[in-house]
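The values are calculated or read from the model by the stated rules, or taken from the named source; none is laboratory data. This one's a predicted model, so the numbers in the text were calculated from it and none came from an experiment. For neighbour counting, all protein chains shown are included, and Cβ atoms are generated from backbone atoms with ideal geometry for every residue, glycine included.
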Amino acid sequence: MDYQSILNTINDELSYRDVTGKVASYIPELAKVDPRKFGMHVYCGDRQHFSFGDSEELFSIQSISKVFSLSMAMRIMGEDLWDRVDVEPSGDPFNSLSQLEYESGVPRNPFINAGALVISDILVDQLEDPKQELLDFVRKITEDNSINFDLKIAASERSTGYRNVALVNYMKALGNIKCEVEPIVDFYFHLCSLAMSCKQLAQAFMIFANKGKILSTDEEILTPTSVKRINSLMQTCGFYDEAGEFSFEVGLPGKSGVGGGIVAIHPDQYSVAVWSPILNEKGNSELGMKALERLTSLTGLSVF
Ligand code: GLN
């Protein structure tokens with residue numbers, strides 16, 4: 001498979017000029033990002049790398065990081081985790097407060113904000129230094145010690161994060177939050193602020209395409225069962241109320257963030273990350289989705 005010529009075709013065919021959405025503006029830091037940015041990186045099971053454009057530039061990965069925190073919680077809690085968070089697609093926007101009350105504060109899945117906040121509660125409760133351990137985890141699976149938080153983004157998340165604070169309070173009132181609100185949201189705002197490039201994301205997500213093992217060292221980070229569960233959650237819940245559309249167009253498990261990044265994996269074949277900050281009305285990268293649709297069509301490699 002000539003991945004590089006397929007990526008070159010995608011880069012030639014698609015342009016930010018052809019999409020009509022807008023860059024995220026709920027915090028000033030994200031609104032400042034250049035809408036013309038476009039990069040893509042494929043990391044294959046045979047350890048080859050292919051890319052184009054702004055694939056090595058750092059951007060705010062936002063909700064893509066919810067896959068990292070879920071992975072850490074699964075390593076700690078195993079299957080007990082599912083008492084605290086459900087595994088059903090929500091069909092609601094990412095920051096929805098609905099569907100919580102009649103399920104006793106148990107969020108529909110770990111990738112909506114409510115679910116990621118319950119996961120944050122678990123990590124804050126169980127880990128001595130959760131923010132550092134998050135960085136250690138992401139640096140380890142990416143094999144890159146330069147990865148860090150963007151503290152300006154974290155501060156902006158905090159200054160606008162009333163809805164997330166409300167979600168934690170509401171779930172605490174319903175009995176599904178153990179720790180105090182402040183350390184949970186502090187962890188969550190930092191989680192959202194992780195800055196990574198497409199290259200780093202493709203490298204990190206290779207564990208989900210490689211049955212839970214780091215490709216270069218063969219070290220097991222997650223059990224094959226945990227990886228199966230995380231991949232199926234990415235397939236059904238990775239794109240908020242557009243998970244069906246992503247599955248229909250692209251046919252891979254994946255996760256998006258409002259910074260315009262999308263990561264997806266093909267078990268045993270490749271991991272891929274794409275970045276274009278212009279979002280559609282569901283909060284997913286408009287050009288990123290098109291690029292991934294072209295990738296699975298031109299390679300013939302989706303999971304279906
Ligand atoms: N930081 C956003 C929030 O918590 C979520 C980011 C995302 O990518 N959906 O509201």
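Things to note:
- Considering residues of the range 170-198 that are polar (S, T, N, Q) and away from the ligand (no atom under 15 Å from the Cβ) only, the residue surrounded by the fewest Cβ atoms within 10 Å (Cβ to Cβ): 176
- Verdict on residue 38 being in the same structural domain as residue 278 (by TED's automatic domain parsing), out of contact with any Phe, Trp or Tyr (no Cβ under 7 Å at 6 or more places or on another chain), modelled with pLDDT of 95 or more and of a type in the set (Phe, Trp, Tyr): no
- Filtered by the rule that a residue be under 17 Å from residue 3 (Cα atoms) and within 13 Å of the chain's Cα centre (by Cα), the range 236-270 gives 263, 264, 265.
- Taking the range 129-139 as the range and being basic (Lys, Arg) and surrounded by fewer than 17 Cβ atoms within 10 Å (Cβ to Cβ) as the test, only 139 passes.
- Boolean, residue 281 is closer than 18 Å to residue 91 by Cα, outside any loop (DSSP other than H, G, I, E, B), at pLDDT below 95 and not assigned by TED's automatic domain parsing to the domain that holds residue 125: no
- Here residue 221 qualifies as within 13 Å of residue 67 (Cβ to Cβ), touching a residue at least 12 places away in the same chain (Cβ under 8 Å) and either assigned by TED's automatic domain parsing to the domain that holds residue 45 or under 13 Å from the mean Cα position of the chain (by Cα) (or both).
- Boolean, residue 55 is within 16 Å of the ligand (Cβ to nearest atom), in contact (Cβ under 8 Å) with a residue 12 or more places away in the chain, closer than 28 Å to residue 208 by Cα and not in a strand (DSSP E or B): no
- Selection from the range 97-111 of residues that are among the charged types (D, E, K, R) and more than 21 Å from residue 235 (Cα to Cα): 101, 103
- Here 106, 124, 67 are screened, and the one residue that is farther than 22 Å from residue 207 by Cα, touching a residue at least 24 places away in the same chain (Cβ under 8 Å) and assigned to a helix (DSSP H, G or I) is 124.
- Qualifying residue in the range 10-17 (condition: more than 16 Å from the ligand (Cβ to nearest atom), in contact (Cβ under 8 Å) with a residue 60 or more places away in the chain, of a type in the set (S, T, N, Q) and part of a helix (DSSP H, G or I)): no
- Residue in the range 274-288 that is of a type in the set (Val, Ile, Thr), within 14 Å of the chain's Cα centre (by Cα) and surrounded by 24 or more Cβ atoms within 10 Å (Cβ to Cβ) present: yes
- Filtered by the rule that a residue be of a type in the set (Phe, Trp, Tyr) and either free of Cβ contacts under 8 Å to residues at least 40 places away in the same chain or within 14 Å of the ligand (Cβ to nearest atom) (or both), the range 253-304 gives a lone residue, 275.
- From 47, 75, residue being under 22 Å from residue 192 (Cα atoms), at pLDDT 95 or above and basic (Lys, Arg): 75
- Meets criteria (on the phi > 0 side of the Ramachandran plot and within 16 Å of the ligand (Cβ to nearest atom)) for residue 62: yes
- Residue in the range 83-99 that is away from the ligand (no atom under 16 Å from the Cβ), assigned to a strand (DSSP E or B) and either surrounded by 20 or more Cβ atoms within 10 Å (Cβ to Cβ) or not assigned by TED's automatic domain parsing to the domain that holds residue 123 (or both) present: no
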